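Peer 1: Got a structure for you, written out below as structure tokens; questions coming shortly.
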Amino acid sequence: MTSIESYILGSGAASKAIQKSLAILDVQNPSWGIEKPKVLKRNQKLIELSPKKNSVLILANPHALHSDSIKEAERAGFSWVISEKPAAVSLEQLKTLEQVKIPVAVFHGYRQTWGIQTLKKMLEAGELGSWISIEGRYWQSSAAAKKLLGDTKKIWKDDKALSGSYDVLLDLSTHWTDLVLFLAGEAPEKFALWKSYVNSNSEHRDTHNLISMEFSKNRRSFGSVSKTAHGFGNDLEIHVIGEKRSVSWAFMNPDELVIGEGGKKTTLHRPDNSSFGSEQYPFHSTGWLEGYVEILKQYFLQMRGEAFTPYPNLKDQMAVLRRLFES
């Protein structure tokens, strides 16, 4: 493979983040020949593109269009597709994705950060002993702020045909559930979801979720996920309580893990030579782009026939969504 040809379906904020991530990856790996992406309009017919062996389609269009775009891409001859989450907005859409044969990556970028990847290795190595509970929150204030300002302007998320029948559940709770299942390393035996619509701008847009899971060996998970938590920006925190140690990670401080042992607390910092994501020095994070770059990097390694580490894929995404939709 002498080059990588990429198409991005969509031109909004996610599309711009992906374009920046591709540019970073090109700087890191100039020999890969990552071409400047071609940004497509939402109604582009994929069959008209005549994709090559090295062509990748990246989906940054509205949520409810992802599943049809994945299927259309496969029919059009694309062998490589990366999708924004969620890959589907209903059980019916999930059903149709079961027939997809090509490898599809999903942009669950939080999972691909240094902190979460390191925490996963600690769990697998038994450094926490038996884990007891995975708890935390993902809080934003966008719904509350819009309501208090009296902002009634409609956006694409107010249209079910584009966004699906939920908001927080599809946007933030997919991230939270993906993180918990990744760290737990197993499917939950029980899954419960509670939704609130207080401060909703449209009747179908939930604003607050509580998620609980029960795993084997009497282990639990509890998460509070919100767009109506007043005064918060993008506050994602996850705490793993273990028999011997507890470990905490927060997106606002993505390059450190806070480790508790008995009454003592220490901080583990991301090393200067870390090769994750943008490869910036610790505490000069590029935010969401870290996860985008890391997923693109591993996916492109797979495209090139080289060794790669696992990335969030369609199978993982379907397991997350099925739990959320069936609860």
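Peer 1: Give all pairs with beta carbons closer than 6 Å in which a residue from region 95-113 that is in contact (Cβ under 8 Å) with a residue 60 or more places away in the chain and among the basic types (K, R) meets a residue that is crowded, with 21+ Cβ neighbours inside 10 Å and not in a helix (DSSP H, G or I); count only pairs at least 6 apart in sequence or on separate chains.
Peer 2: Close Cβ pairs satisfying both conditions: R111/P312.
Peer 1: Name every residue in region 91-145 that is outside any strand (DSSP E or B) and of a type in the set (F, W, Y), in order of residue number.
Peer 2: F107, Y110, W114
Peer 1: Which is crowded, with 22+ Cβ neighbours inside 10 Å and outside any strand (DSSP E or B), of L170, L148?
Peer 2: Every option except L170 fails the conditions.
Peer 1: So, one more: All but one of (1) crowded, with 22+ Cβ neighbours inside 10 Å; (2) closer than 21 Å to G287 by Cα; (3) not hydroxyl-bearing (S, T, Y) hold for K20; state the number of the condition that does not hold.
Peer 2: (1)
Peer 1: In region 146-201, how many residues are basic (K, R) and farther than 20 Å from G233 by Cβ?
Peer 2: First, pick out the residues of region 146-201 that are basic (K, R): 146-147, 153-154, 157, 160, 190, 195.
Still in the running and farther than 20 Å from G233 by Cβ: 153-154, 160, 190, 195.
Total satisfying the criteria: 5.
Peer 1: Let me ask something else. Of all residues being of a type in the set (D, E) and more than 15 Å from the chain's Cα centre (by Cα) in region 293-327, which is farthest from S90 (Cα to Cα)? Just the residue, please.
Peer 2: For region 293-327, the residue satisfying everything is E306.
Peer 1: Also: Just checking, how many residues over region 184-198 are closer than 30 Å to T118 by Cβ and assigned to a loop (DSSP other than H, G, I, E, B)?
Peer 2: Total meeting the criteria: 5.
Peer 1: Six or more apart or on different chains, Cβ under 6 Å: which pairs go from a residue in region 270-284 that's over 18 Å from F308 (Cβ atoms) and in the same structural domain as S21 (by TED's automatic domain parsing) to one that's in a loop (DSSP other than H, G, I, E, B) and aromatic (F, W, Y)? Could you list them?
Peer 2: Filtered contacts from region 270-284: no entries.
Peer 1: Under 8 Å between Cβ atoms, which residue pairs at least 6 apart in sequence (or on different chains) link something in region 1-26 that is in contact (Cβ under 8 Å) with a residue 24 or more places away in the chain with a partner that is crowded, with 19+ Cβ neighbours inside 10 Å and basic (K, R)?
Peer 2: Pairs that qualify, where the first residue is in contact (Cβ under 8 Å) with a residue 24 or more places away in the chain and the partner is crowded, with 19+ Cβ neighbours inside 10 Å and basic (K, R), are L25/K297.
Peer 1: Among the residues in region 91-113, are any farther than 17 Å from Q317 by Cα and not basic (K, R)?
Peer 2: yes
Peer 1: Right, next: Within region 11-44, count every residue that is under 18 Å from F107 (Cα atoms), at pLDDT 95 or above and not in a helix (DSSP H, G or I).
Peer 2: Of the residues in that region, 2 qualify.
Peer 1: So S285 ticks every box in (1) closer than 27 Å to K190 by Cα; (2) of a type in the set (G, A, S); (3) surrounded by 18 or more Cβ atoms within 10 Å (Cβ to Cβ) but one. Which box is left unticked?
Peer 2: Just one mismatch for S285, condition (1).
Peer 1: Let me ask something else about it. Mind checking which residues of region 192-221 are under 20 Å from R322 (Cβ atoms), aromatic (F, W, Y) and surrounded by fewer than 19 Cβ atoms within 10 Å (Cβ to Cβ)?
Peer 2: Across region 192-221, the qualifying residue is only W194.
The values are calculated or read from the model by the stated rules, or taken from the named source; none is laboratory data. Treat the numbers as computed from the prediction; the structure is a model and nothing was measured. In this analysis, Cβ positions are derived from the backbone assuming ideal geometry, glycine residues included, and neighbour counts consider all displayed protein chains.
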